[in-house]
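The values are calculated or read from the model by the stated rules, or taken from the named source; none is laboratory data. Computed from a predicted model, the values in this text were never measured in an experiment. Ligands, DNA and RNA are stripped out before the accessible areas are found, and what is left, the full protein with its side chains, is counted by its heavy atoms. Shrake-Rupley method; radii C 1.70, N 1.55, O 1.52, S 1.80 Å.
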Amino acid sequence: MIVLDKIYYKPVGKIVGQRENKIEKDSASIEHMIADVENKTKNIEDVLTKARKDSMKLKENLIKKNEEKIEILISEEKENSRKIFKENMKKLDEEIAYAEKKLEIEIDKFSNEIKEKFL
């Protein structure tokens, strides 16, 4: 028994103990790595969530700015259209007045010709 203990049991027990220690160390290392991966994954998810929120805010701000610019452009174009309309109406009134004066002159001439023919 003593010889078997020294030759077989103690070396085998030592090897088994070393393997169990290595397995425990490896298991602890794996658990540490898993925890580290989970922490990094959570950090990445947090960064992505923040980036999404920031991009949505940026998008909303850009949309608001563009809407304001569009409203400004629309109001400017409305004002330009009003000015053009007023100018065209003024020109049309002037042309009508000119045509009326010309027509009065023509009517006077025509009426004088008619008077001369009948008298």
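Just a few scattered comments:
- Answer from Ile84, Ile107 - the residue that is of a type in the set (Val, Ile, Thr), modelled with pLDDT under 95 and open to solvent by 90 Å² or more (accessible area, probe 1.4 Å): Ile107
For (1) at pLDDT 95 or above; (2) open to solvent by 100 Å² or more (accessible area, probe 1.4 Å), each residue gets a yes or a no:
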{"residue": "Tyr9", "(1), (2)": "no, yes"}
{"residue": "Gly13", "(1), (2)": "no, no"}
{"residue": "Glu20", "(1), (2)": "no, yes"}
{"residue": "Asp26", "(1), (2)": "no, no"}
{"residue": "His32", "(1), (2)": "yes, yes"}
{"residue": "Thr41", "(1), (2)": "yes, no"}
{"residue": "Ile44", "(1), (2)": "yes, yes"}
{"residue": "Ala51", "(1), (2)": "yes, no"}
